[in-house]
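The values are calculated or read from the model by the stated rules, or taken from the named source; none is laboratory data. No experiment lies behind these values; they were computed from the predicted model shown. As a convention, Cβ positions derive from the backbone with ideal geometry for all residues, glycine included, and neighbour counts pool all protein chains shown.
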Amino acid sequence: MREGVRRLIEMEAELELAAVCEDLDGLLAAVEAEKPDVVLTDIRMPPTGTDEGIRAAEQLRSSNPQVGVVVLSQYIDPAYALHLFEHGSERRAYLLKERVSDIDQLLAAIKEVARGGSVIDPKVVEALVAARSKTSESPLAHLTKREGEVLSEMAQGKNNAAIAGALVLTERAVEKHINSIFSKLSLSEEEDAHRRVKAVLLFLSENTA
C-alpha cells in the first residue's frame with residue numbers, strides 16, 4: 001500500500017514527496033526534518049497498529065499546526081473521523097483507502113488540507129445518515145428555523161463573523177444561536193472546537209443525500 005501511494009505521488013507533477021516512513025516515530029521525525037505541507041498516513045502503523053495516524057495528527061496539531069494531515073482508513077465507523085476532528089477540522093482529512101485508486105480524489109484532499117480546509121469521506125457521512133435513520137426523532141427537530149440556518153452556515157465552514165454577514169445578524173446574536181444549538185444537541189459540556197465539528201457532522205448526516 002505504502003509503495004503504491006509513493007509511486008502515485010511521484011508521478012504527480014504538482015506534488016513533491018519529502019519522505020516515506022514506516023512507523024509513528026519515523027513520521028514525526030520526518031516532519032521535523034522536512035517540514036512538509038501535508039502528511040498522508042494510514043490510521044494504523046507500528047508500533048501498536050491501532051490508531052497511530054490519529055495520534056500523529058493530534059501531536060502535529062500542537063507541534064506543527066501548519067502541517068495538514070490526510071488519514072487513510074479502511075473503517076467507515078464515524079467514531080474514527082470524530083476522533084480525528086476532536087480538536088478542530090482545520091487541515092484534516094479522513095478518507096477510506098479505496099479512494100487511493102482515484103488519484104484525483106486523493107489530490108483534491110491533499111490540496112484542501114494544504115490550504116487549511118477539511119475533507120470527510122462521503123461514505124462516513126452515509127454511515128451517519130444510516131445511524132440517524134434508526135432513531136425515532138432527530139435532535140435537529142428541536143432547533144428553531146434561525147438556529148437551523150446558523151447550523152447550515154457552520155456546515156459550510158464559516159466562522160461566526162461570516163455567519164453574521166450571511167444572515168444579517170450581529171456576531172453576538174450568532175454566538176447565542178450557536179450556544180442554543182449546542183445545548184439542544186447535548187453538546188454543551190464539550191470543547192467548542194469539538195462540538196462544532198459534531199454539530200456539523202450531525203447536520204450533514206441528515207442533509208446529505
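Answer with yes or no whether Pro65 is surrounded by fewer than 14 Cβ atoms within 10 Å (Cβ to Cβ) and within 23 Å of Tyr75 (Cα to Cα). Reasoning before the result, please.
Details: surrounded by fewer than 14 Cβ atoms within 10 Å (Cβ to Cβ): yes; within 23 Å of Tyr75 (Cα to Cα): no.
Judged against the criteria, Pro65 is not a match.
With respect to being in contact (Cβ under 8 Å) with a residue 12 or more places away in the chain and part of a helix (DSSP H, G or I), Ile54 fits the description.
Would the range 151-161 turn up any residue that is within 20 Å of Glu90 (Cβ to Cβ), of a type in the set (S, T, N, Q) and modelled with pLDDT of 90 or more? Yes, the range 151-161 contains a residue that is within 20 Å of Glu90 (Cβ to Cβ), of a type in the set (S, T, N, Q) and modelled with pLDDT of 90 or more.
Residues in the range 78-98 that are modelled with pLDDT of 85 or more, part of a helix (DSSP H, G or I) and either among the aromatic types (Phe, Trp, Tyr) or surrounded by fewer than 20 Cβ atoms within 10 Å (Cβ to Cβ) (or both): Lys97, Glu98. Taking every residue in the range 7-18 that is without any contact (Cβ under 8 Å) to a residue 40 or more places away in the chain and pairing it with any residue that is part of a loop (DSSP other than H, G, I, E, B), at least 6 positions away or on another chain, the pairs with Cβ-Cβ distances below 6 Å are Ile9/Leu15; Ile9/Leu17; Glu10/Leu17; Ala18/Pro36. Looking at the range 160-180, which of its residues are buried (at least 16 other Cβ atoms within 10 Å of the Cβ) and assigned to a helix (DSSP H, G or I)? Answer for the range 160-180, where residues must be buried (at least 16 other Cβ atoms within 10 Å of the Cβ) and assigned to a helix (DSSP H, G or I): Asn160, Ile163, Ala164, Leu167, Ala173, Val174, His177, Ile178, Ser180.
Hey, any hits in the range 195-205 for a residue that's modelled with pLDDT of 80 or more and farther than 29 Å from Gln66 by Cβ? Within the range 195-205, not a single residue is modelled with pLDDT of 80 or more and farther than 29 Å from Gln66 by Cβ. Of all residues in the range 105-123, those satisfying the criterion of being more than 17 Å from Val197 (Cβ to Cβ) and touching a helix residue (DSSP H, G or I) at 6+ places or on another chain (Cβ under 7 Å) are Gln105, Leu106.
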